[in-house]
Structures are given as C-alpha cells and as structure tokens.
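Readers should treat all values here as calculations from the given coordinates under stated rules, not as data from a laboratory. Only a predicted model underlies this, so the values are computations on that prediction, with no experimental measurement involved. No Cβ is skipped: glycine too gets one built from the backbone with ideal geometry, and neighbour counts run over all protein chains shown.
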Amino acid sequence: MKAGLGIDTGGTYTDSVLLDFETGKVVRKAKALTTRHDLSIGILDSIEALGDIPSDFIKLVSLSTTLATNSIVEGRGGKVCLIGIGYNPKLLYEGLGDSFPVREIHIIRGGHDIYGVEREPLDLEAAYRVILKTRDSVEAYAVSGYGAVRNPEHEIKVKELIRSLCDLPVVCGHELSDRLNSIKRAVTAAFNARLIPLIRELILSVERALKAKGIDAPIMVVKGDGHMMSNRMAVERPIETILSGPAASVMGGRFLSGCRDGIVVDMGGTTTDIAVLYDGSPRLSGEGARVGGWQTSVLAADIQTTGIGGDSHIRLDPRLGFTISPRRVVPLSLLSSRHPEIKKELLRIGSSKREPVFTYQPSDFLILSRSDGRSGRPEVISQLRGGPKSIDQLARAIGTHPVLLNLSDLEESGVVMRSGLTPTDVLHYRGMYLKWDREAAEIGVRLYSRWLGISPDKFADGVLEAVERKVAREIAGKIISDESGIALHPGCRLCDWIWREMLGLDDKKGFTL
C-alpha cells in the first residue's frame, strides 16, 4: 500500500489520518491532546494511536496547523523587534494601533519612493544602536522599508547588519509581499517574525516524532491558500501557514463529502473557521488574509476565522454578567484530570463569602508551560514549578495582591498558560461531553452561577446559547459578506440590527461574547 500520513496540530488536539493513495480512502484516524510544552509528544501519541503501520508504506507526510492562526487571534507569539525604514512615525503607529502585539518598534531614516529612488540615505548607525539595545531581549527581527517593494536595498543592508551582530532570525517585508501597502507589509513582516519560533518548534517536533516511528518521507505543509510548501520554506515563511488548518478543513470537507457548493464550518478549541465553497473551491482573499482583526498581505483562502471555540475563556463581567473571550485557556475539567489537587482550591474559593470579583477571575489557575533564559519573573516561575496555582495562591506566594498580578508577557510568550471555565466545562456539567473531570467542571459552573445570582442550569444554558448565537451570526455574516461585498463587523449598529432580525436575538438576555 502507498499511503499518505496527514497530521493536524491544533491548540487542543493533534489529529492523524492515514490515506490510501490507491483507493483515495481514509483507512485510519486518531486523535491525541496537543502537548504545548513539547509538541512532539502529542504528535507521536496521535501517530501511535493509528496502530501498527509499516514505515515504508508512508510516501508523504502532510502537515496542517492552526497554531499560527491561534497565536494571532490570542495575541501570543515570540518577542520581536520591528525596524521600520523611512516611515512617517505617526502614519506607522496609527496604522498599527495600540493593540499591535509588538512592543519593540523602531523607526530609522531611509526608504525609497514608488519608483525605487532613494528618498533619504539609510541610517545604519541608528540601526546598529537598535540591534545592540534589543538583541538580548527579542527572539526575531522584522525589517520593513518604505518603498522596499520597488527597491529592497535598505531592507537587505539592515538584514545583513542584524546577521553580523546576532544569530536571531530576520525577515524582510519585500520577501513576503510585493504590494505597495506599507502598513500591511509591516504587519505581515512582524507577524512572520513573531511566528518563526512557534513554527520552527512544530516542524522539529514532527521530525522527531517521525524519526521515532522510523518514517522517512518528505514533509509538506499546507498553506493558507490550500497549496503546499516544503517544511524548510514553512520555517522561513511561517506567516504562510496562517489559515493552514482551516484551508485543510475546507479541502478535506469537499473531498470527503463530494459537495462542490456549500458552507464548511470547523469549530475547534480556539477558533471557528467558516468558508463557502463555490464550484468546489473557496474564493481567495484579494486583500490578503485577515486574522484576529489584523489585515496581512498573505494570499489565502477567503476563510472567516472567529475567536470562539470549546476552550474559549468564560469571564465574569460587571455589566453583562459574563462574556466569552477569544482567548483559549485550559478547561478546568482537563486541568483537574491531570492535577486533581486543584479541586480542593476550587472548593476553598467557592466556600469564601467574597462578592463577585470582576477585575480578575478568581477561579483561574496558572500553569508553567515552558521556561527559557529570556522569560523573566523568576519568582513566578519558581512558584509554578511545583504545579498549577490559582490567582490567589500565586499572589500570596509572591507577596502581592491578585489585582496586581500582571503576567501578560509570560502568557503571550507561552511561558505561562491559564486555566479557567470554558464551554467545554459547561458541556461536562451538562453531561454532553465527558472526556475529563466532570466534578471540577461542576464546581466551576456552580461558582459562576452563585456569583451571578442565578441557577447553575440557567448559567449553563446561557453559555451554550451564547456560543450557538455567535457561530450562527458569523455564518450569516460570512454569507451576507460574500453575496453583497459588504463586510459585517461586530460593533456596527446596522450589522447588529441585521443579525438580531435574522436570528431573533433578544437584547435583554444580558449574555454576550
């Protein structure tokens, strides 16, 4: 038998399938939890769950992933320095916005006009100072020059300087896009650099898992437009893997169903991806892939990605009761199945007479995912080495108040993971999904319902209904957008009215996403 091995690494699960090339049939499939601290463990578990397969049967390995997409949606990724050449500072900073996840942004003199003529000499001395200042605190560099698609000379010189001063990865805007939009090119370059450590780790993990199974076959990675590239190219241009997982879902759905016109909805742990098939193919996004509110210059299938999934974080909200955040967290039921001791802390939190806390989530736990020399906050890492701790426990241990416990940098870089109440936990409470520790999920649901002054059943119903409405609204929005050419954005009053009328939404529910 000549077979292909398909691997999809998502934020929650890693799936493997064995496809018989001669018959075109899926002969085996398996699933294992994604292991964030060492991706190769979950990948190997998933492959081994397929059963015994003669290694010489495998002629090709196809890899898709949502890790890049999830990273952008959740605001996670490596620490990056963006060097802008010849940009107007106000134009660049306003174009990127306050929520742009790169903190080290430096503008130096230089740049070219639309004809490729130098507007101003390149200030290499300023670039030198920036590199010396940042090289010990970042993981990669992004270089974007104004007019570089017409003349990349300045970008190339800065890239060469960076490589002479450190061993960190460098990506230039002109290498990723030939479009004139300087802001989108800067965004694309920065996200590409931010994703390099993540995708490099994924590729190395796949290689280790295949080596352990004795599989020697070429590895191809699915791009966001449904085409494929080599594993080496994926490491250099990880931005091409945004929407990789959704693109694979769309093409796989079409292949397995035989349907050439329809809607493909793929809901995972972190995101829900929606695409419309027209005559067997999704449209390509003319403006480039848009993920998590960020417009890039990457050619990709026109797939709508929304931050709602089984592991989305349910948060208390003083005005709305609760919200469902786009950020993925580890479900309490899953954490408790690995660390049963957290139930004792959940019960302690539940037994206290405290009023609802909205400035932080008291039932959340923090978990050490990985540690490296650049992490910082050694007192936090030292405490978490002993196992997960609630917000209260960790704050007491390091001598601060929970409100002041800001670990956003550690969470964004993936050093620390958060656990909290999720729709997956609500499904455990309802008995609709019983993979992990139902008791921990029940404690979490009862905690939230008590704080909100409603019954656990009413709270659970509200969560599930909110998720259903959100997904239905996104499907409707995608169809309207495709047919009318008008994008329906959350926050637009007309769009909200259309959604409410179409879906019969009741504004008085008080629950939101």
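Descriptive notes on the structure:
- Highest mean packing first, where packing is the average number of other Cβ atoms within 10 Å per residue, the peptides 393-403, 10-20 line up as 10-20, 393-403.
- Relative to the 2.2 N^0.38 Å rule of thumb, the range 364-419 has a C-alpha radius of gyration ratio of 0.99.
- Virtual spin-label span in nm between Glu501 and Phe57, 7 Å along Cα→Cβ: 5.6 nm
- Cα centroids of the range 180-243 and the range 428-457: 38 Å apart.
- The range 111-136 and the range 392-421 have their alpha-carbon centroids 38 Å apart.
- Within the chain, DSSP assigns beta bridges of which about 60% are antiparallel (rounded to the nearest 5).
- The three principal axes of the C-alpha atoms in the chain carry coordinate ranges of 68, 61, 52 Å, sorted with the longest axis first.
- For the range 76-189: rounded, prolate or oblate by the Cα gyration tensor [a/c cutoff 1.5]: oblate
- Fewest-first sequence of Leu407, Leu421 by Cβ atoms within 10 Å of each Cβ: Leu407, Leu421
- Dividing the summed helix terms, -39500 (n - 2.57) for each DSSP H run of n ≥ 4, by the number of residues in the chain produces a 222 nm estimate of -12000 deg cm²/dmol to the nearest 500.
- Approximating the spin labels as points 7 Å out from Cα along Cα→Cβ, the Leu180-to-Arg385 distance works out to 5.7 nm.
- A protection proxy built from the mean count of other Cβ atoms within 10 Å ranks the segments 253-266, 422-435, 225-238, most packed first, as 422-435, 225-238, 253-266.
- Computed log₁₀ I(q)/I(0) - Debye formula, equal Cα scatterers, no solvent, the range 123-186, q 0.13, 0.18 Å⁻¹: -0.33, -0.62
- Contour minus Cα-Cα distance for Thr23 and Ser352 (0.36 nm per residue): 112.3 nm
- Fully extending the segment from Arg232 to Ala49, taken as 0.36 nm per residue of separation minus the present Cα-Cα distance, adds 63.2 nm.
- Contour minus Cα-Cα distance for Arg283 and Ser484 (0.36 nm per residue): 70.9 nm
- Length-normalised contact order of the range 193-244 in % [C-alpha pairs under 8 Å, at least 6 apart]: 39 percent
- Charging the Cβ of each Asp and Glu at -1 and of each Lys and Arg at +1, and nothing else, the dipole of the range 76-189 about its Cα centre rounds to 240 debye.
- Computed from the Cβ-Cβ distance with R0 of 51 Å, the FRET efficiency linking Tyr93 to His401 stands at 0.95.
- The mean sequence separation of alpha-carbon pairs under 8 Å and at least six residues apart, normalised by the residue count of the chain, gives a relative contact order of 11 percent.
- Scalar couplings 3J(HN,Hα) for the range 196-208, obtained by applying the Karplus form with A = 6.51, B = -1.76, C = 1.60 to θ = phi - 60°, are 4, x, 5, 6, 4, 4, 4, 4, 4, 5, 4, 4, 5 Hz; x denotes Gly and Pro.
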